[in-house]
1. Looking only at trypsin sites (Lys or Arg not before Pro) in DSSP loops with at most 11 other Cβ atoms within 10 Å, what is the longest site-free stretch of the chain?
2. Quote the relative contact order of the range 2-84 in percent (integer), defining contacts as alpha-carbon pairs under 8 Å separated by 6+ residues.
3. Karplus couplings for the range 17-23 from phi (6.51 cos²θ - 1.76 cosθ + 1.60, θ = phi - 60°), rounded to Hz, Gly and Pro as x?
Amino acid sequence: MIELRCRDFHTVEAGACDECRSLGEYADTRLEKCPYGDEKPTCVNCPIHCYARAEREQMKEVMRYSGPRMLLKHPILAIRHMLEGRKQAPPLKGRGRGP
């Protein structure tokens with residue numbers, strides 16, 4: 001999604017510009033450290049706000065622009081993301097009160 005927006009807004013020959021590449025690396029780092037792991041909900045349904053404010057705003061711009069365009073570029077991924085967006089976050093293991 002980041003590369004899709006970058007191609008339309010920034011002048012790059014291939015891939016993404018440095019700013020967009022940096023945002024992608026930031027997102028990858030946040031995903032690696034996510035306590036939900038493979039069960040991670042979409043960001044809108046996640047109770048943990050793991051992005052810093054500036055990066056969160058950048059990612060919102062990316063999503064607003066690229067989200068609708070993903071239906072044409074990668075329809076299966078877009079539909080899968082929309083379906084996953086309906087799921088609530090699972091409870092985190094090790095949090096809350098024990099017996």
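1. Numbers: sites that count: Lys33, Arg86, Lys87, Lys93, Arg95, Arg97.
By the stated rule (loop sites, at most 11 other Cβ atoms within 10 Å), 34-85.
2. Relative CO of the range 2-84 lands at 28 percent.
3. Coupling constants for the range 17-23: 5, 4, 4, 6, 4, 5, 4 Hz.
Throughout, read-outs are computed from the coordinates displayed, never taken from laboratory work. All values reported here derive from a predicted model rather than from experimental measurement. Neighbour counts are summed over all protein chains in view; Cβ atoms, including those assigned to glycine, are modelled from backbone coordinates with ideal geometry.
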